[in-house]
Amino acid sequence: MSAKPLAGAPFPGNEEARLAELESLDILDSLPEEAYDAITLLASQICDVPIALINLIDRDRQWFKSRVGVPVSELPREHAFCGYAILEPNEMTIVRDAAEDYRFADNPLVVSAPSIRFYAAVPLVTTAGSALGTLCVIDREPRQLTDEQQAALRALSTQVMALLELRWTVDELERRHEELELTMKQKETLIATVSHEIRTPLTSIVGFIETLVDPEAVLSIDERRSLLETVGHQASDVSGLIEDLLVAAKAESGSLHVNSVDVDLVAQTAQVLEGLDSDTEVSIDCDTASCKAVGDPARIRQIIRNLLTNAFRYGGPHVYVKIRRVDERCRLWVVDDGSGVEADQRESIFQEFNQVPGGQRITGSMGLGLPISRLLTEKMGGTLVYDGSGGTSSFLLDLPAAHTAEQAA
C-alpha cells in the first residue's frame, strides 16, 4: 500500500487500476436511478438504520450513487469510512462504535453531524478484484447486525454490482453500435467514391475508343496517337486505384503478404515514371547507377507511384527523386516545392480516405495512396515519413538495403 490520502485510509495497492475501472463505468456524477435507490431503501429497512449509501470512491472524494438519510451527494475521501472498507475487498467491514475505534474517533463525521457510531459495509468488487466502493449502512447509536441482516446486505451488494456490470455492458454495446454505424457509413461512402472514381475515367476511355473506331471520325495520326496515350494513362489510373483498394481489403482481412527480394530503386522509379501521365518533369538524383533495397518490386512501384502522383496533384511545379544508400538502408525521397502540409495535419495524411487539406479534388484520388504506401512500407521492414521543412515538401521511403557482392565476400 502507498501513502495515506491526507488523514484517511491508505490507498489500495491497485489504486490506479481501480480508478481506471471506475472511470470506465462512466457513472460518477450520473443522475439518480430507481434501481439503485430501491436497494439503499431495502438496506435501510432490513438493517433498521437511518442511513444507507451506495458510494463510489473516486481519487479524492466518495460519491454517493444512491443515498438514504444523507443530504449531500459526496464527501472528501479523507473522511470516508469506506476508504478502509475497500482495503479488504472480500470482507464485510463492521464498526460497532466508531467513537471507540482509533481509525475514526477523531473523524468529523463522528465528532459532529451526522454523529456516526455504527457502520457496516460490503465492498463492491469487480471481476478483476477491484473494490470500487461499498454498499453501507450507518446508525447514530452503537449496535450490531444479525446474521440474517449481514446476509441480506451481502445479497444487496451483489445486486448493486449486477447493475454496475449491466451499465458497463449496455454502454459497451452502444459504443460498438456507434462504431458499426460509422463503419457502415464509411463503407457506403467508399462504395459511392469508388463508383465515381472508376466510372469517370472509364467513361472517358469508352468515349475515346468510340471516337477511334468511328469510321466517320476524321483524325490525324497525331490525334489518334494522343487519344491512345490518354486511354493508356486513364487505364493506368484505374489500375492503380484498384490496386490500392485490393491492398486495403487484404490488409483488413489479414491476407496481405509481400515478397522479399533485391529491388533496384533507380530502375523501379524509372519504370513508374514511364507510365505516369504528367506534364511535370521529374529528375532522378542517385549517386550510384543503382541502389538495391530488399522488398517486393510490385509493392515498391506502387509506393513510388503513389508518392509521385501525390506530388503531381498537390505539390509545386518542380519534382525530383533522390536515392541514396545510407549504411544498411536504402532511402528514396520524393520532393516538390509545393506549400506542403501544416504541422498539425501531417500524420492525418496517412489516414485512410483523408485528402490533403487545400488540395484540389482530382479523379483517381480517394485518400488511400499514402496510408496504403505506409502500410506496405512497414510490411517490408521500412518507414515512410513526411517532412515539410526547408521550403520543400518531401516523403522519405526508407527500406533495408540488399547485401552487395563485396559484403557477401
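Within segment 302-313, restricting attention to residues that are within 15 Å of D387 (Cβ to Cβ) and either hydrophobic (A, V, I, L, M, F, W, C) or at pLDDT 90 or above (or both), the residue that is surrounded by the fewest Cβ atoms within 10 Å (Cβ to Cβ) is A311.
Given E165, E148, E141, which one is on the phi < 0 side of the Ramachandran plot, outside any strand (DSSP E or B), in the same structural domain as I39 (by TED's automatic domain parsing) and in contact with a Ser or Thr (Cβ under 9 Å, 6 or more places away or on another chain)?
Numbers: E148 fails: in contact with a Ser or Thr (Cβ under 9 Å, 6 or more places away or on another chain); E141 fails: in contact with a Ser or Thr (Cβ under 9 Å, 6 or more places away or on another chain).
The unique qualifying residue is E165.
Can you find even one residue in segment 93-107 that is closer than 28 Å to T169 by Cβ, touching a Lys or Arg at 6+ places or on another chain (Cβ under 6 Å) and of a type outside the set (S, T, N, Q)? No; the residues of segment 93-107 include none that is closer than 28 Å to T169 by Cβ, touching a Lys or Arg at 6+ places or on another chain (Cβ under 6 Å) and of a type outside the set (S, T, N, Q).
Out of V356, V341, V335, I need the residue that is modelled with pLDDT of 90 or more and out of contact with any Cys (no Cβ under 9 Å at 6 or more places or on another chain). Which one? Before the answer, list the steps.
Working: V356 fails: modelled with pLDDT of 90 or more; V341 fails: modelled with pLDDT of 90 or more.
Within the list V356, V341, V335, the selection yields V335.
Those residues that are β-branched (V, I, T) and either surrounded by 21 or more Cβ atoms within 10 Å (Cβ to Cβ) or in contact with a Pro (Cβ under 9 Å, 6 or more places away or on another chain) (or both), I need them from segment 131-162; list them, please. Correct list: T134, V137, I138, V160. Does A298 qualify as being among the hydrophobic types (A, V, I, L, M, F, W, C), out of contact with any Ser or Thr (no Cβ under 8 Å at 6 or more places or on another chain) and closer than 21 Å to S236 by Cα? Answer is yes for this residue. Once segment 160-190 is narrowed to residues that are hydroxyl-bearing (S, T, Y) and without any contact (Cβ under 8 Å) to a residue 12 or more places away in the chain, the residue that is farthest from L124 (Cα to Cα) is T183. Apart from one condition, G316 fits all of (1) surrounded by 13 or more Cβ atoms within 10 Å (Cβ to Cβ); (2) touching a residue at least 12 places away in the same chain (Cβ under 8 Å); (3) touching a helix residue (DSSP H, G or I) at 6+ places or on another chain (Cβ under 8 Å); the exception is (3).
Go through the residues of segment 183-206 one by one and say whether even a single one is surrounded by 10 or more Cβ atoms within 10 Å (Cβ to Cβ), of a type outside the set (V, I, T) and under 30 Å from A35 (Cβ atoms). No.
Among the residues of segment 39-48, is there at least one that is more than 36 Å from the chain's Cα centre (by Cα) and among the acidic types (D, E)?
Filtering segment 39-48 down to residues more than 36 Å from the chain's Cα centre (by Cα) leaves 39-48.
Then drop every residue that is not among the acidic types (D, E), which leaves 48.
Yes - at least one qualifying residue is present in segment 39-48.
Limited to segment 77-135, what total is found for residues that are under 22 Å from P12 (Cα atoms), assigned to a loop (DSSP other than H, G, I, E, B) and among the hydroxyl-bearing types (S, T, Y)? Residues flagged as under 22 Å from P12 (Cα atoms), assigned to a loop (DSSP other than H, G, I, E, B) and among the hydroxyl-bearing types (S, T, Y) within segment 77-135 amount to 4. Candidates in segment 47-105 are the residues that are closer than 24 Å to E23 by Cα and small (G, A, S); of these, the one that is surrounded by the most Cβ atoms within 10 Å (Cβ to Cβ) is A85. Scanning segment 233-248 for any residue that is at positive phi, surrounded by fewer than 14 Cβ atoms within 10 Å (Cβ to Cβ) and under 34 Å from the mean Cα position of the chain (by Cα) turns up nothing.
Taking A152 as the residue in question, decide whether it is farther than 13 Å from V49 by Cα and at pLDDT 95 or above.
Numbers: farther than 13 Å from V49 by Cα: yes; at pLDDT 95 or above: yes.
Criteria met by A152.
Considering (1) touching a helix residue (DSSP H, G or I) at 6+ places or on another chain (Cβ under 9 Å); (2) of a type in the set (D, E, K, R); (3) free of Cβ contacts under 8 Å to residues at least 60 places away in the same chain, the lone condition that R77 does not fulfil carries the number (3). Filtering segment 116-130 to residues that are surrounded by fewer than 22 Cβ atoms within 10 Å (Cβ to Cβ) and more than 18 Å from D101 (Cβ to Cβ) leaves V125, T126, T127, A128, G129, S130.
The values are calculated or read from the model by the stated rules, or taken from the named source; none is laboratory data. Note that the structure is a prediction, hence the values are computed from the model and not measured. Please note: Cβ atoms are built from the backbone with ideal geometry, for glycine as well, and neighbour counts cover all protein chains shown.
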